[in-house]
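Written below as structure tokens is the structure these notes are about.
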Amino acid sequence: MIRVGVDIGGTKIKVGLVKEEDGALLTKGKIPFVHEGYEVVFQQIAAEINRLLEEAHQSIEQVGSIGLAVPGSIDTRQGRVLHAHNLGFHDVPVVAAMKQYFPEIPVYVGNDANAAALGELCCGVFQGYRTAVLLTIGTGVGGGIICEGKMFNGGRDHGVELGHMMLKYGGIQCSCGNYGCVESYCTATWLIEEGRKLIKEGKDSLVVKRAEGNPDKVDGKLVVDAARDKDPLAMEIMETFVDNLSAAITSINALMDPEIIAIGGGISGAGDILFQPLREKVKEKSFFKVEYNIVPAHLGNDAGIIGAANLYHNGV
Ligand SMILES: [Zn+2]
């Protein structure tokens, strides 16, 4: 049987066919997200699903379910997206919109970061664990919780928002309007901002040299690489970043003491310069003085597709 996963983003939509037996991706495709109303979006998704089925020589009868991963707050029971600002979706009946094209096939919807955690459980780094937390770090912080071997979808089926846990009460204002969220301190955006400050302040640093004094050339990787090359100011930035992230993970540990924590997003490729001090600081700060299992996420760019394709595990 085939499970279809659709990862809907603000610029592109990724669609994949996943084999149920081993969770492997059979084929995948990408279409642009057009801001012309959700009806047009779902018409194009349906066309892409049909195209991929044809390409993989599979018939629609072999499709067991379709899962939609959406960056926003979802009412999974009602099959509606409550808010997805990047998509311009507000109270959109996404399950009904998809079923219009595939009336016989069950359709599920979930938050994209929550779904990515489910993907890691089904065929990634969480396999075999019952309690796990994924933090996806990019321009924002997303995340998902696996509890008792299932994706935890929140008490009201609206998903969880790990990026909006409070890290520093009264701190920097977050995109959600609140002050001091995890998302304001533990993102690639934060790293870039700190790197740009070095340029503005005219500091002597590899970050400034490698960006040729141009703030637009600073990205997260540039700051991490400069720290790896022992640039003192970049190392200071990394240290503060790890300090912030370890504080967020410490709160998660106090709440649910997970067996494993995975870090996803571009920063997860940073390797030992991130993970070693992170494990040390988390142990130092956590209530339970144990070696926490903190690892890079496994599924990378396909996490959304694979997670969406596995949403049927969680049901409605
Ligand atoms: Zn927030």
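The values are calculated or read from the model by the stated rules, or taken from the named source; none is laboratory data. Computed from a prediction, not measured in an experiment: that's the story for all the values here. Virtual Cβ from ideal backbone geometry, glycine too; neighbours counted across all protein chains shown.
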From the list VAL141, VAL207, VAL133, VAL160, which residue is touching a residue at least 24 places away in the same chain (Cβ under 8 Å) and more than 15 Å from the chain's Cα centre (by Cα)? VAL207
Cβ-Cβ under 7 Å pairs, at least 6 apart or on other chains, the range 175-195 side within 7 Å of the ligand (Cβ to nearest atom), far side hydroxyl-bearing (Ser, Thr, Tyr): GLU183/SER175
Residue hits (the range 176-230; out of contact with any helix residue (DSSP H, G or I) (no Cβ under 7 Å at 6 or more places or on another chain), loosely packed, with under 15 Cβ neighbours inside 10 Å and small (Gly, Ala, Ser)) are GLY177, GLY202
Considering the range 31-73 alone, what residues qualify as being in a strand (DSSP E or B) and loosely packed, with under 13 Cβ neighbours inside 10 Å? PRO32
Residue ranges of helices (runs of 4 or more DSSP H) in the range 194-301 with at least 3 members in contact with a Phe, Trp or Tyr (Cβ under 7 Å, 6 or more places away or on another chain): 232-256, 272-285
Considering only the range 270-300, state which residues are β-branched (Val, Ile, Thr) and either closer than 24 Å to GLU236 by Cα or crowded, with 19+ Cβ neighbours inside 10 Å (or both). ILE273, VAL282, ILE294, VAL295
Quick test for you: out of GLY140, GLY119, GLY128, pick the one residue that is closer than 17 Å to GLY16 by Cα and either away from the ligand (no atom under 16 Å from the Cβ) or surrounded by 16 or more Cβ atoms within 10 Å (Cβ to Cβ) (or both). GLY119
Hey, could you check the range 11-24 for residues that are crowded, with 17+ Cβ neighbours inside 10 Å and of a type in the set (A, V, I, L, M) and say which is nearest to PRO71 (Cα to Cα)? ILE13
Of the conditions (1) touching a helix residue (DSSP H, G or I) at 6+ places or on another chain (Cβ under 6 Å); (2) surrounded by 21 or more Cβ atoms within 10 Å (Cβ to Cβ), THR76 satisfies every one except a single condition; which number is it? (1)
Answer from VAL92, VAL160 - the residue that is assigned by TED's automatic domain parsing to the domain that holds VAL40 and out of contact with any Leu (no Cβ under 7 Å at 6 or more places or on another chain): VAL92
Just to be sure before I move on: is ALA117 of a type outside the set (Asp, Glu) and under 13 Å from GLY264 (Cβ atoms) in the structure I sent? yes
Subset of the range 153-171, residues surrounded by fewer than 20 Cβ atoms within 10 Å (Cβ to Cβ) and more than 10 Å from the ligand (Cβ to nearest atom), comes to GLY154, GLY155, ARG156, ASP157, HIS158, LYS168, TYR169, GLY170, GLY171
